[in-house]
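Structure first, then comments.
Each reported figure results from applying straightforward, stated rules to the coordinates on display, with no laboratory input. Bear in mind that the values here come from a model prediction, so they are computed numbers and not experimental data. For neighbour counting, all protein chains shown are included, and Cβ atoms are generated from backbone atoms with ideal geometry for every residue, glycine included.
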Amino acid sequence: LGAIDAAARDRLAAPARAALAAALRGRAFLDLLYRPAPQFRVAPDDAIVCRCEEITGAQVRQAAGQLGASGPNQLKAFLRTGMGPCQGRLCGLTVTEMIATAQDRSPAEVGHYRLRPPVKPITLAELASLPRTEADECAVVRG
């Protein structure tokens, strides 16, 4: 937008980037250390994979295999997995692993659920109490 040049941007962002790098330094180790065992990442047919929407392993396999869901975000359209109150925080890893297994791809190729705000459930009162901005006023069509 031309408000500041690239050098000023980089200088202002340096402390935040350093803090982020420090916070993420051990993340890969922790992810590997506490990753669930394979037998828990791919559910049997009769197991509930998405507790919020009561979707079974058989349904996920069918959508990934026969319907060709390319990833968790497309699976949402077929089965509503990841659309309940937990927003995929409980079933996300399992859904990704099951699609990857069914399609003989890696979980990295399959991908994960896209995060959409609000990340955690909030009440309408909390949403209504947010301060209004000029963008809010411009977004409303009056007529």
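Annotations
- The chain: C-alpha gyration tensor shape, a/c 1.5 cut-off, then a/b vs b/c: oblate
- Pair-distance distribution of the range 1-59: all C-alpha pairs, bin width 5 Å, starting at 0; shares per bin in whole percent are 4, 14, 11, 11, 9, 10, 9, 9, 8, 10, 5, 1.
- Residue with peak Gaussian network fluctuation, the chain [Cα springs, cutoff 10 Å], from ALA47, ALA28, ALA100: ALA28
- Using θ = phi - 60° and Karplus 6.51 cos²θ - 1.76 cosθ + 1.60, couplings along the range 123-138 (whole Hz; Gly, Pro as x): 7, 5, 4, 5, 5, 5, 7, 5, x, 7, 10, 5, 4, 4, 5, 6
- Distance (nanometres) between label positions extended 7 Å along Cα→Cβ at LEU30 and ASP46: 3.8
- Close amide-amide hydrogen proximity is noted between CYS50 and ILE55, each under 5 Å apart and 5 or more residues distant or on a separate chain (H modeled in the peptide plane; Pro and chain starts excluded).
- Sorting the segments 50-60, 125-135, 102-112, 14-24 by their residues' average number of neighbouring beta-carbon atoms within 10 angstrom, most packed first, yields 50-60, 102-112, 14-24, 125-135.
- Computed log₁₀ I(q)/I(0) - Debye formula, equal Cα scatterers, no solvent, the range 35-78, q 0.19, 0.21, 0.28 Å⁻¹: -0.59, -0.71, -1.08
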